[in-house]
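What follows is a single structure, written as structure tokens, with notes after it.
Quick note: the coordinates plus some simple rules give every number you see, no bench work behind them. Please read these numbers as outputs of a predicted model, since none were measured by experiment. Here the Cβ is made from the backbone with ideal geometry for all residues, glycine too, and neighbour counts use every protein chain on show.
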């Protein structure tokens, strides 16, 4: 499984990379970690005539606290994010899912931008981005732009980016001044496989344990990860214990249209999503509530 | 295209097609055949090498991306001709292999694990090797090899009289 | 490991496996590591259709690419070769490396491109334009069997390769006289043992010596002969290099078509040619799939749950061509009743073609699916009689004092103590507490089940299933040879004549020889000469090497020892019976100060002809060609024959949970009792059992060659064909027992298939035990979590 031939360029900075990409359009692809692109090339499902390597562009690799958000450069390696103190402290949901992303050797090379641009419906990072309402920045030639995560993913393996655009950073909102708990569950045949269903939850509670703010999302079940705003509204102002939440979650998920494949049926995905989301919400609420109790 | 690779401490300047994987480059151009192709799509891990001490899949990297790193292959592990590292010896002691095809990958992964974690739990060992598929052993004797190596390495270089 | 202290000096002791040394250094020599100057590379053009006429192949564009040397089509190759050997007598089902006129499965190799690099060959393969006219196709085995299904081979007229019913004993009478009967259907899904190394072969034709050198990652009996035969070369023109290390095979690396392909190309083009299957070529067209078998089982039993008679119909979907795969229905005949005292059996073996990838041979050669069917049956009998499943087995198992035991199909089981093995496992596992643990987990809301399987590993591989299923085949021997030479310096070198894939044969041979000669096995060099320098061998199949290579090495060493004794006795002028052999030296029993050292004896043998017993050959070279113990006769007209000589036993006991909402299974505890007679190397045997269990877990829970309705293989890469990682294989405790075989030199039985034989049955048993409170069961493998989840949900949904 050898890729079709291509030319290789390593631009020294973002401007040069964007100029190259604009010039070649459809014939060129960006490569950073290559953990999702190279298998596609090996199977000749992707056949770029030029690879533009942005893995070592320093201005694209960083983790920065920016007040209300944490900004992560697109070429930041997943293993770096996994260990980063700012991410652990300020985007705990992202920190929670990182060990689930592939295997350690994949995370050693894979980047956050690569994962997002690949847009696998089961990708954990994409789920967190959608659930938290992250913003994704990009450059297209000389123009810069931003997309909300919910608008970024438009279908399986498909994003709203044009072929000449380069993802530059992801901004994850930070919930300041509240007691936050997170929960994440996924189900797959083997640990580290792409999930058949996944669920993420971030919850803030007040001293009485009532949910004041929620971010809830499901992944791997539908064409793109989905945030569940309606469910968030239903659960706001109540205690999100497992027993109370289960039926509400099942009802909300009863009208989604899940994917079906040789691994799992649509019905399976719907039921699994409900189970996983219930557990994620319960974990998240418990964690927030415990913090609340400790704080008293 | 020209690329300069540093492998097992030695630098080589090579002329390669951009599409040549690091795996194929190591095997065919540098004749380091200890890294093996099992799937060429990043799942089985038989192609594992260390990049600055970190295990990566060499089938998912192009040779032209691999300059500037210290690449370690299994050929760089033995302390000398005919000598075995403690990890290699532990694998022989527990028979942590059968056909030997996944073995270089397992050993490099074990070296990397123990470099950062001298006393890994069974769960940590399993997590570390879970990125590499073995079809022969069922993993038990591999896990034991890593644990044995860890135990022996913890005992090395201790001052006399250390309990 | 448990068991009595060993009476041996080296055998059964905890020795390192010498092969490991080169593997930990990355110095194994796998087929793709062999470099010959001037080698060119092959990539395949494959059919996208499950069935299609090949109207034309346009190679012009491909040949224009620089670096491309040739595009080989099926017609060209067929003109220069004969079809591959089939196991059954099916001349209208010819099989060739490249499709000729008709492509019969998606992924079948249609053309082979030869280029300077593999990458260029793939570039060119994309430019080969094949004109296909799609034909009707059939995928399902039962559909293929039904009359009117489109025959995969038009000239053969149907898809039926084999449909034979055997009746051993008074089956109908036994059914009529039994108090109870039940029937069940189970299905063993299509999976395989999928080694991490794909098949790789390098062939180089030397026109001056008229030898085709072949370096291949192969595990195939009679490989050199068959390659020569198909290429229409004399047998001594093919030289297979047995010192190639094989990166796992577990049955599947048969490789005749691959070797014929590159062998032909090398002769035609005048340079070495190499084919290393990529993973897609391997999964779709490497022809390494395993059994896909539907069982209909009916058992007749009494009030106590003792099964008296069994009827079994086994239909196997062997894919588009027939190689040895139909024999995978025949081998289980040699253990058709499992470890049980069933008195009469009717067995119907059906092999059908379909438009799927070809099945070849998988670890245990059909025994694992058969064990699964038998174990499902006995679990059902237990349920029917309200018996604990272990108790049901106790009542049915052959008892230790009943061996040797003749089974209805004509094979005699050599030895065993099944009840003791089971009791040991139950004691170690503390069966009562395991049951209590299951109840506790159920109370927590999980589905939980205990799985049990008791089964045999037939070992020693007498290939008498060949004449059983193909009357034109009169094979009654399956030999193995070991040769020992002591050189003039006293160095002992043994030769073995097969490739191996990590089974430790070099260590095995050295240990046996060292045991006999009473010298440290580490002093014994073991080498693998090429096939032209080799003596008869059938390759490591059928769990045979401990018995056959072990036996050959043992006997060759005994011959050497006898000669040394004869030389010493003659030189000391004493009767042979008075010469005492000890650690390689020999002394006079009456006057021990009169002795000859090993070194002196070697010198006499090589140099001092005048001191040798009259009529001796000088030197110290001995070989032994081992025949299968107990083997050697053709089947009776009603299809009874002694098949394998030795029978190892395993008893699996495991505890499993299933998350009821997610359907996700998890093995919590795993115990296996294993009795393979005398263990020659404990590290090797343990590894085999653990690896076999991992294969079994894969076959039961994760692995399937799933096909889409349009005939394409859906699980064609490791993204979709899921191999167990270290997370999916739980810690396993092995409990040993030793019941030696009376037929082998040291009482050893085979163990190369252990674990795989019983793990799928045991896991199925656990899942069904876990599901039993819901009133549902699963009678097919693999059982995947999506499917489990759906079944559980359906069972828990109140009826509308």
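In percent, rounded to a whole number, the relative contact order of the range A:19-135 is 24, using alpha-carbon pairs under 8 Å and six or more apart. Here the relative contact order of the range B:2-76, from alpha carbon pairs under 8 Å that lie six or more residues apart, stands at 40 percent. If R0 is 60 Å, what FRET efficiency do you get for residue C:9 and residue A:148 from their C-beta distance, rounded to 0.05? So the FRET efficiency works out to roughly 0.20. Rounded to the nearest 5, the antiparallel percentage of DSSP beta bridges internal to the range C:122-271 is 65%.
Normalised by 2.2 N^0.38 Å, where N is the number of residues, the C-alpha radius of gyration of the range B:86-154 stands at 0.94. Sequence-distant contacts, meaning Cα pairs under 8 Å at least 6 residues apart, place the relative contact order of chain C at 16 percent. Between the range A:211-247 and the range B:120-143, the C-alpha centres lie 37 angstrom from each other. So if R0 is 56 Å, what FRET efficiency would residue A:86 and residue C:399 give, r being the distance between their Cβ atoms, rounded to the nearest 0.05? That pair, residue A:86 with residue C:399, gives E of 0.20. Convex hull volume per residue, computed on the Cα atoms of chain A, equals 123 Å³.
Among beta bridges identified by DSSP and lying wholly in the protein assembly as shown, the antiparallel ones come to about 80 percent. DSSP assigns beta bridges within chain C; of those with both partners inside it, close to 80 percent run antiparallel.
Using alpha carbons only, how many degrees (0 to 90, rounded to 10) separate the axis of helix A:266-295 from the longest principal axis of chain A? With rounding to tens, the tilt is 70 degrees. Kirkwood-type hydrodynamic radius, the protein assembly as shown: 32.4 Å, calculated from all non-identical alpha-carbon pairs.
So how tilted is helix A:242-253 from the main axis of chain A? Cα-based, degrees 0 to 90, rounded to 10. With both axes taken from Cα atoms, the answer is about 50 degrees. Projected over every direction and averaged, the convex hull enclosing the alpha-carbon atoms of the range C:652-736 yields 7.7 nm². Cβ crowding within 10 Å ranks C:535, A:21 as C:535, A:21, fewest other Cβ atoms first. In chain B, the longest principal axis of the Cα atoms and the axis of helix B:140-154 are about 70 degrees apart.
Summary of packing: across the peptides C:229-238, A:188-197, the per-residue average of other C-beta atoms within 10 Å ranks them, highest first, as A:188-197, C:229-238. With only Cα atoms counted, the range B:2-76 has Rg and Dmax values of 10.8, 29 Å. For the range C:47-90 and the range C:394-425, what is the centre-to-centre distance using only Cα atoms, to the nearest Å? The distance from the Cα centre of the range C:47-90 to that of the range C:394-425 comes to 51 Å. Its DSSP H runs of at least 4 residues, each contributing -39,500 (n - 2.57), put the calculated 222 nm mean residue ellipticity of chain C at -8000 deg cm²/dmol, to the nearest 500. Comparing Cα centroids, the range C:295-362 and the range B:27-54 end up 42 angstrom apart.
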